[in-house]
Structure formats: C-alpha cells, structure tokens
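Presented below is the structure to which this report refers.
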Amino acid sequence: MASTVLKNAGIHSSKQLYKFLLRECNKLPQGANEFYKHSIRQSYKQHMEETDPERIKVIMEKAFSDAKWVLQKYNKEIGK
C-alpha cells in the first residue's frame, strides 16, 4: 500500500524521496525543521550503500510514513 502512496506522490527513487522529505521539512517550525533535515541527511547517508531492492522499498515506505506522522504531529500542535 505504501509503495502505491509513494508512486502517487511521484516518488520513484530514493533520491526523489530524499528531496521530497527535505522539502516537507520546510512545513515544520524552525527548530524541528533543522532537527528533521539533519535526521533525513544522516539516514540517507547511512543507507546509501543498500543494494537489496526489497530492503530499499521497506526503508522508503517507512521514511514516507514517518514523515507523514511528523507533519500530522506538528499540525495538531499548531492547531491547539
């Protein structure tokens, strides 16, 4: 299911996901923005050498769902 969500978002590669996640960070408050951008960069570097397509798919799906959760978390906090 998540891979369908990734494709619907126009994300077909890990590099596209990386760029998408960094852009999504701009929707966060300043302190959180910097924290999550750093986290995304570190995670991308950590998994750069991954070659197993199935493992890459799982990592991408998890990163996308985590980003969605973070954005929802901060939207709820701002709405209070």
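The values are calculated or read from the model by the stated rules, or taken from the named source; none is laboratory data. The model shown is predicted, which means the values in this text are computed figures rather than measured ones. With ideal geometry, Cβ positions are generated from the backbone for all residues, glycine too; neighbour counts draw on all protein chains shown. When the accessible area is computed, the model is the full protein with side chains, heavy atoms only, and any ligands, DNA or RNA have been set aside. Shrake-Rupley method; radii C 1.70, N 1.55, O 1.52, S 1.80 Å.
Take the conditions loosely packed, with under 14 Cβ neighbours inside 10 Å and not in a helix (DSSP H, G or I) and apply them to Gly31. Does it pass? Taking the combined requirement at face value, the residue does not satisfy it.
Scan the range 34-58 for residues that are touching a residue at least 24 places away in the same chain (Cβ under 8 Å) and part of a helix (DSSP H, G or I) and the total you get is 4.
Condition check ((1) under 22 Å from Asn75 (Cβ atoms); (2) open to solvent by less than 100 Å² (accessible area, probe 1.4 Å); (3) touching a Gly at 6+ places or on another chain (Cβ under 8 Å)) across all residues:
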position	(1), (2), (3)
Lys7	no, no, no
Lys15	no, no, no
His38	yes, no, no
Gln42	no, yes, no
Gln46	no, no, no
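Being open to solvent by 100 Å² or more (accessible area, probe 1.4 Å) and either farther than 18 Å from Glu77 by Cα or free of Cβ contacts under 8 Å to residues at least 24 places away in the same chain (or both) is the filter here; which residues of the range 19-28 pass it? If you could, list the steps in order and put the result at the bottom.
Filtering the range 19-28 down to residues open to solvent by 100 Å² or more (accessible area, probe 1.4 Å) leaves 19, 23, 27.
Matches in the range 19-28: Lys19, Arg23.
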